[in-house]
Amino acid sequence: MLALTSIWTTILLAAAVALGPMAIDMYLPALPQIGSDFEASTAQVQLTLSIYIAGFAIAQLVCGPLADRYGRKPIMIGGMLLFALASIGCALATNIEMLQLSRFLQALGGSAGPVLARAIVRDIYTPRDAAKILAMLAGMMALAPAIAPTLGGFMVAVFNWHWIFIVMAAYALIMVAVIAIGIPEPLHPHNQQPFRLYSLLRNYRLVSTDPTFIGYTLTSAAIYGGLFAYLSGSAFVLIDVLGVAPEHFGLYNAVTAAGYVLGNIASIRFASHCTAGQILRYGLIGSLVSGVIMTLLAYSQIYTPWAVILPQTAFMAALGMILPQCMAGALANFPKMAGSASALLGFVQMAAAATAGALVGHLHDGTPMVMAIIITVCATLGLLGYLLLVQRYPAQDFEPQSAGSQS
């Protein structure tokens, strides 16, 4: 067993977290082919993504409290086993409805990785240290959106989209073995919470009425919506509208993923001489500027891949600064309910993501404009959440004393 504070434990947690996003990023290049094979509309194909996000959101509400009661490891292992089985169901799907159902089941299992990785970090570290570890974890996890679309595009070009889900199933089974053998249970028995309806509702009431949690969660959810607006629309915009080959789609996404890594590195570097609030503010301003630039380029009818990719790369760099601060801040006040707090944070994030993704799919007009506008709106809402809530209710033990306590 590895030490919980070991860098190898952080790497394993990053690999576990990557399972959920991989189920999105790897199959993005296949969306046009899936629509063609099943004779499905763009909205029907995009629904396989929205259904996954919705299932991901709902499952977290149960996954977190279960982990608070029974421990992190057994719930994470069980979720990954379900993910593997559902991935096989996706590979064997013969119509769009069967694929949609399998995607929903895949999401139920895939939610365990991100929820419990966040909870494990909170189990081990103080809030300020947790922000640094979450940034490191996110930076390593960014390999998934860098590699997964390229691998998915290659499989679409050389084999077919069914192989994408077979690879997902194999990855999940490998992670089951690694987690079972490599990571000790981080939840202290004294922090175990009863899994009863009354206790569950009480915990969620305590978390959801905490103004600090609300501020950080709504801010991160808005920005998460901007991310998924891009993920929902990028395949159709880049491949169908701008003529990018499916096997090259992942290379463009690798550029945006590099932006995310740079944002994570900046977050870690800035932590030594900036407050978390300052890092968060810089990131939110950067995300808004990026969205505005993409919108202006689309309005000017500059229809090239780089008119989308370069602003989105800047948005991803901002995202890399924003998310670690928001996650650590949202969980800071709940060391004994980290699973429930992480679950509710993830639920709100994914609900925002599902809404933004569905809007992009429903309103797509054959240009990058709709996607760019929704990204800009999400960035605006994120900045408003920070100005109206986070600044008033910074997390205790997260900002320096001079930043003030809750007011």
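Only Cα pairs under 8 Å and at least 6 apart count here; give the relative contact order of the chain as a rounded whole percent. Walk me through the numbers on the way to the answer.
Working: 772 pairs, mean separation 110.2, N = 407.
It comes to 27 percent, rounded to a whole number.
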*What list of ³J(HN,Hα) couplings, whole Hz, do you get for the stretch 274-280 from phi and the Karplus terms 6.51, -1.76, 1.60, once you set θ to phi - 60° and write x for glycine and proline?*
10, 6, 4, x, 5, 4, 4
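Would you work out if the stretch 278-407 is rounded, prolate or oblate? Take a ≥ b ≥ c from the square roots of the eigenvalues of the alpha-carbon gyration tensor; rounded if a/c is under 1.5, else prolate when a/b is larger than b/c, oblate otherwise.
Details: a/c = 2.86, a/b = 1.86, b/c = 1.54.
In terms of gyration-tensor shape, prolate.
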*Extension gain residue 181-residue 292, at 0.36 nm per residue separation less the Cα-Cα distance, in nm?*
35.2 nm
*Which ³J(HN,Hα) values in Hz, rounded to whole numbers, follow from the phi angles of the stretch 32-47 under the Karplus curve 6.51 cos²θ - 1.76 cosθ + 1.60, where θ = phi - 60° and Gly and Pro get x?*
x, 5, 4, x, 5, 5, 9, 6, 9, 6, 4, 5, 5, 5, 5, 5
_Order of 392, 118 under a 10 Å beta carbon neighbour criterion, fewest first_ = 392, 118
*In what sequence do 58, 374 fall when counting other Cβ within 10 Å, fewest first?*
58, 374
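Fewest Cβ neighbours within 10 Å first, please rank 163, 306 accordingly.
306, 163
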*Quick one: check the C-alpha center-to-center distance for the stretch 327-341 versus the stretch 267-283, whole angstrom.*
20
*Looking only at 209, 313, 367, which one moves most when the chain is put into a Gaussian network model with springs between Cα atoms under 10 Å?*
209
_Running a GNM on the chain with Cα contacts under 10 Å, which residue among 30, 157, 112 ends up with the highest mean-square fluctuation?_
157
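What net charge do the residues around residue 162 carry, taking every other residue with its C-beta under 15 Å from that of residue 162, with Lys and Arg at +1 and Asp and Glu at -1? Don't jump to the answer; show the numbers that get you there.
Numbers: positive: 103; negative: 37.
Taking every Cβ under 15 Å from that of residue 162, the sum is 0.
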_Distribution of pairwise C-alpha distances over the chain, 20 Å bins, in %_ = 30, 60, 10, 0
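Every read-out reported here was derived from the displayed coordinates using simple, explicitly stated rules and does not represent laboratory data. Remember, it's a predicted structure, so these values are computed and weren't measured experimentally. Positions of Cβ are generated from backbone atoms using ideal geometry, with glycine treated the same way; all protein chains shown enter the neighbour counts.
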